[in-house]
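Colleague: Sharing a structure with you now.
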Amino acid sequence: MRKSIYWCSLIACLLLCNAVRTSSQDRWISLFDGKSLAGWKVGENAGTFTIENGMIVAHGPTAHLFYDGEVHQHNFKNFEFKADVMTTPGSNSGIYFHTAYQEGGWPKKGYEAQVNNSHTDWRRTGSLYAIQDIKDVFVKDNEWFTEYIRVEGKRIIIKLNDKTVVDYTEPVNVKREAGNEGRVLSSGTFALQGHDPNSKIYFKNILVKPLPD
């Protein structure tokens, strides 16, 4: 009788652990509390990023806001990511992934998903910047849209409001040209871009779903 109880308890425990693990992989986790930049880190020109009515506002000299919090020890390999974004006319920004904190300059590590509907740069929102660019405008300034990024293995998918605009598979042992050596898949964190003083971009509902490595 005791042996039966033991085995039943063990099986129940294993099922519970598996359910918890599956649940953690299936749920979206917030990276932004809507009130502060807790869990985020910025170096030069930190004043470019402010909080306004539950949103992160990027407006000011060039700067990058890196996720530095506890979720997955801010190191993501395979994942789904999404954020609600609103651009203003003439603005430019981006969402970096597989990147790493640096004090200033343009992030050298990882890829950038472009945020730009009407800036002079022709690479429009949803482009995998300088790797697989798109010229078409799928979303509008002054309107909220959702930008979604999925990385699994060597494949990168970018969607705008559920429409796939980039589906890119990184070649095995890819080598980039000088200056873009870091634009390869590895692992890392996310960063939001403050591009220039004339650009003003809003971010909210910043969520991630880690996927199995």
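Colleague: Hey, residue 213 hits all of (1) in contact with a Lys or Arg (Cβ under 7 Å, 6 or more places away or on another chain); (2) in contact (Cβ under 8 Å) with a residue 24 or more places away in the chain; (3) surrounded by 12 or more Cβ atoms within 10 Å (Cβ to Cβ) but one; which does it fall short on?
Modeller: (3)
Colleague: Say whether the condition of being surrounded by fewer than 20 Cβ atoms within 10 Å (Cβ to Cβ), closer than 22 Å to residue 186 by Cα and within 16 Å of the chain's Cα centre (by Cα) is met by at least one residue in segment 45-65.
Modeller: no
Colleague: Considering each of 149, 131 in turn, give the residue that is farther than 19 Å from residue 209 by Cβ, among the aliphatic types (A, V, I, L, M) and at pLDDT 95 or above.
Modeller: One residue alone meets the criteria, 131.
Colleague: Checking residue 24 against (1) at pLDDT below 95; (2) assigned to a strand (DSSP E or B); (3) not charged (D, E, K, R), which test does it fail?
Modeller: Every listed condition holds for residue 24 apart from (2).
Colleague: Next question, about the same structure. Looking for whichever is farther than 22 Å from residue 73 by Cβ and charged (D, E, K, R) here; the options are 159, 108. Which one fits?
Modeller: 159
Colleague: Does segment 172-213 hold any residues that are in a strand (DSSP E or B) and touching a helix residue (DSSP H, G or I) at 6+ places or on another chain (Cβ under 9 Å), and which are they?
Modeller: 188, 189, 190, 194, 208, 209, 210 - these are the residues of segment 172-213 that are in a strand (DSSP E or B) and touching a helix residue (DSSP H, G or I) at 6+ places or on another chain (Cβ under 9 Å).
To keep it simple, each residue is scored yes or no on (1) among the β-branched types (Val, Ile, Thr); (2) touching a Leu at 6+ places or on another chain (Cβ under 7 Å); (3) under 17 Å from residue 115 (Cα atoms).
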{"site": "171", "(1), (2), (3)": "no, no, no"}
{"site": "175", "(1), (2), (3)": "no, no, no"}
{"site": "182", "(1), (2), (3)": "no, no, no"}
{"site": "186", "(1), (2), (3)": "no, no, no"}
{"site": "191", "(1), (2), (3)": "no, yes, yes"}
{"site": "197", "(1), (2), (3)": "no, no, yes"}
{"site": "200", "(1), (2), (3)": "no, no, yes"}
{"site": "206", "(1), (2), (3)": "yes, yes, yes"}
{"site": "211", "(1), (2), (3)": "no, no, no"}
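Colleague: Would you pick out the residues in segment 185-203 that are surrounded by fewer than 16 Cβ atoms within 10 Å (Cβ to Cβ) and in contact with an Asp or Glu (Cβ under 9 Å, 6 or more places away or on another chain)?
Modeller: Answer for segment 185-203, where residues must be surrounded by fewer than 16 Cβ atoms within 10 Å (Cβ to Cβ) and in contact with an Asp or Glu (Cβ under 9 Å, 6 or more places away or on another chain): there is none.
Colleague: Which of the residues that make up segment 93-113 are on the phi > 0 side of the Ramachandran plot and assigned to a loop (DSSP other than H, G, I, E, B)?
Modeller: Listed by number, the residues that qualify are 105, 110.
The values are calculated or read from the model by the stated rules, or taken from the named source; none is laboratory data. Worth saying up front: this structure is predicted, and the values here are computed from it rather than measured. Note that we place each Cβ from the backbone using ideal geometry, even for glycine, and neighbour counts take in every protein chain shown.
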